[in-house]
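The values are calculated or read from the model by the stated rules, or taken from the named source; none is laboratory data. Everything quoted here is computed from the prediction, not taken from an experiment. Here the Cβ is made from the backbone with ideal geometry for all residues, glycine too, and neighbour counts use every protein chain on show.
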Amino acid sequence: MEEFVRMHELDDCYTVSFDAGDEKIMAIGDKMQEMCEDAYMNGYNWDVFINAYLEQNAPDILEELDSDPEADMYSVYINDTGDDGKAVAEKLKKLLDDLFANEDKIYAFLEQNAEVVEWD
């Protein structure tokens, strides 16, 4: 399985990120925009989409994240370098890997929640 999501340990935090410009992720984003015109899936809209997804499916992760998206990148920081921070980063990476491997989960969530996502 191809990995799209990266996790790194830095001196003072963990990061979890992916390239929103990756060909497969762009294809997913294009389909999302076909389903919802506001879903122009740059890094900022991936951030709001993932936050909405986490709010419903893993709120414990969401409260630990500091977002730092860019136009072509989704990136978050977990400001805990201990075992708890590592566990949050690993859980988020696993969740995102699962979404990209099973993109129908993305489309199903979007179909049911497009109106509540606060698009950028």
### Summary
The condition of being surrounded by fewer than 13 Cβ atoms within 10 Å (Cβ to Cβ) and farther than 21 Å from Asn79 by Cα holds, among Glu3, Glu63, only for Glu3
### Query
Considering Asp19, Asp47, which residue is crowded, with 19+ Cβ neighbours inside 10 Å and among the charged types (D, E, K, R)?
Asp47
### Task
Considering each of Met41, Met35 in turn, give the residue that is modelled with pLDDT of 95 or more and either of a type in the set (Ser, Thr, Tyr) or surrounded by fewer than 17 Cβ atoms within 10 Å (Cβ to Cβ) (or both).
Met35
## Note on the structure
Reported set for the range 4-44 where residues are in a helix (DSSP H, G or I), more than 16 Å from the chain's Cα centre (by Cα) and aliphatic (A, V, I, L, M) is Met35
